[in-house]
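Trainee: If you scroll down you'll find the structure; I have some questions about it.
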Amino acid sequence: MIYSKILGTGSYLPEKVLTNFDLEKMVDTSNDWIVERSGIRERHIAAADENAATLAEKAARAALDTAGVDAKEIDMIIVSSTTPHLVFPSTACLLQEKLGIAGCPAFDLNATACAGFMYGLSIADQYIRTGAIKKALVIGSEVMSRVVDWSDRTTCVLFGDGSGAMVLGASNEPGILSTHLHADGTHKDVLYLPQTTKSSPEFETVKMMGNQLFKLAVNTLGSLFDETLAANNIQKSEIDWLVPHQANMRIIEAMRKKLDLPMERVAITLDKQGNTSSASIPLALDEAVRDGRIKRGQLLIMEGFGGGLAWGSALVRY
């Protein structure tokens, strides 16, 4: 049986750091207010010459280096981004050119927002399991700072920029054990980003109904965990790590309790990076792998929840 296994991870965060104290000077807010409601203390902001493709390249090269894989070995590139540099060509094609590996399929996922990385991971996993490809590069890359209203204290304090990457490869040993994807368009108005047109303002910004989103996330993700565990006939006591989407500390805390995991077994980057949308899961995984907390052979559950509404999980033997 063919499995897809994580061969390497990588990440990139822009140099500029914007703290809550910096935001106090920009908008009617405070460090205490932001930390209490979200758990975020600072976030990274892309430079003027950086975009989703340039961030993705740096994360991709780090992942390839860690995996010991040459870029020319990659058979598919999937990039999740709600903040692409161009509508088309895709960010994946721009990245492909930067990596010098023309020929393999390369495409973007943008409709699933914060759940985009889970969708990309699932697609790559299916291609590898069928034997259609041997190695895939899956990336979440976001420049959220360019699509938030910096005068709206309820949203601008939440988001940050960054990119996380993963190299998947075919293996005889279990790696990605299962993935689970869902969506419900009836909640489309809870979180969305309008498209800029000639008749619209210079740019559009993220629209979010925070309270409704929180309730939907907690209820939906709880059921998703039950589905993931049942599909693999395992108990939550067997889970070693939770690698969640980094949206809100209260949501993460609720998911931790659902799995009966101590906080030290949850990969957290929210306080230092904010919500980086589809980049948050690979960013959190890469940090925990590089600092030695997550080790080979451990069982991980990853989850993402975002606009669509869309959500997904993966059970992974790292």
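The values are calculated or read from the model by the stated rules, or taken from the named source; none is laboratory data. What you see is a predicted model; the values in this text were computed from it and never measured. With ideal geometry, Cβ positions are generated from the backbone for all residues, glycine too; neighbour counts draw on all protein chains shown.
Trainee: Taking segment 9-40, which residues are under 18 Å from ALA279 (Cβ atoms) and either out of contact with any His (no Cβ under 9 Å at 6 or more places or on another chain) or without any contact (Cβ under 8 Å) to a residue 12 or more places away in the chain (or both)?
Mentor: Within segment 9-40, THR9, GLY10, SER11, TYR12, SER38, GLY39, ILE40 meet the criteria.
Trainee: A further question on this structure: Show me the strands (runs of 3 or more DSSP E) found entirely inside segment 62-147 where at least 3 residues are within 18 Å of ASP286 (Cα to Cα) and hydrophobic (A, V, I, L, M, F, W, C).
Mentor: Output list reads 135-143.
Trainee: For segment 34-44, indicate whether the set of residues that are on the phi < 0 side of the Ramachandran plot, at pLDDT 95 or above, over 20 Å from the mean Cα position of the chain (by Cα) and not in a helix (DSSP H, G or I) is non-empty.
Mentor: no
Trainee: Inspect all residues belonging to segment 150-162 and state whether any of them is surrounded by fewer than 18 Cβ atoms within 10 Å (Cβ to Cβ), assigned by TED's automatic domain parsing to the domain that holds ILE45, β-branched (Val, Ile, Thr) and at pLDDT below 95.
Mentor: Within segment 150-162, one or more residues are surrounded by fewer than 18 Cβ atoms within 10 Å (Cβ to Cβ), assigned by TED's automatic domain parsing to the domain that holds ILE45, β-branched (Val, Ile, Thr) and at pLDDT below 95.
Trainee: Sticking with this one: Condition test on SER4, is it of a type in the set (S, T, N, Q) and free of Cβ contacts under 8 Å to residues at least 12 places away in the same chain?
Mentor: Against the criterion (of a type in the set (S, T, N, Q) and free of Cβ contacts under 8 Å to residues at least 12 places away in the same chain), SER4 does not qualify.
Trainee: Within segment 109-124, can one find any residue that is surrounded by fewer than 18 Cβ atoms within 10 Å (Cβ to Cβ) and either touching a Pro at 6+ places or on another chain (Cβ under 8 Å) or at pLDDT below 95 (or both)?
Mentor: Checked segment 109-124: at least one residue is surrounded by fewer than 18 Cβ atoms within 10 Å (Cβ to Cβ) and either touching a Pro at 6+ places or on another chain (Cβ under 8 Å) or at pLDDT below 95 (or both).
Trainee: Answer with yes or no whether ALA136 is crowded, with 19+ Cβ neighbours inside 10 Å, among the hydrophobic types (A, V, I, L, M, F, W, C), at pLDDT below 95 and under 22 Å from THR91 (Cα atoms).
Mentor: Against the criterion (crowded, with 19+ Cβ neighbours inside 10 Å, among the hydrophobic types (A, V, I, L, M, F, W, C), at pLDDT below 95 and under 22 Å from THR91 (Cα atoms)), ALA136 does not qualify.
Trainee: Out of ALA56, ALA46, ALA60, report the one residue that is crowded, with 21+ Cβ neighbours inside 10 Å, within 16 Å of VAL148 (Cα to Cα) and either outside the structural domain of HIS245 (by TED's automatic domain parsing) or in contact with a Leu (Cβ under 6 Å, 6 or more places away or on another chain) (or both).
Mentor: ALA46 is the lone residue from the list that is crowded, with 21+ Cβ neighbours inside 10 Å, within 16 Å of VAL148 (Cα to Cα) and either outside the structural domain of HIS245 (by TED's automatic domain parsing) or in contact with a Leu (Cβ under 6 Å, 6 or more places away or on another chain) (or both).
Trainee: Would you pick out the residues in segment 250-273 that are among the polar types (S, T, N, Q) and in contact with a His (Cβ under 9 Å, 6 or more places away or on another chain)?
Mentor: Within segment 250-273, just GLN273 meets the criteria.
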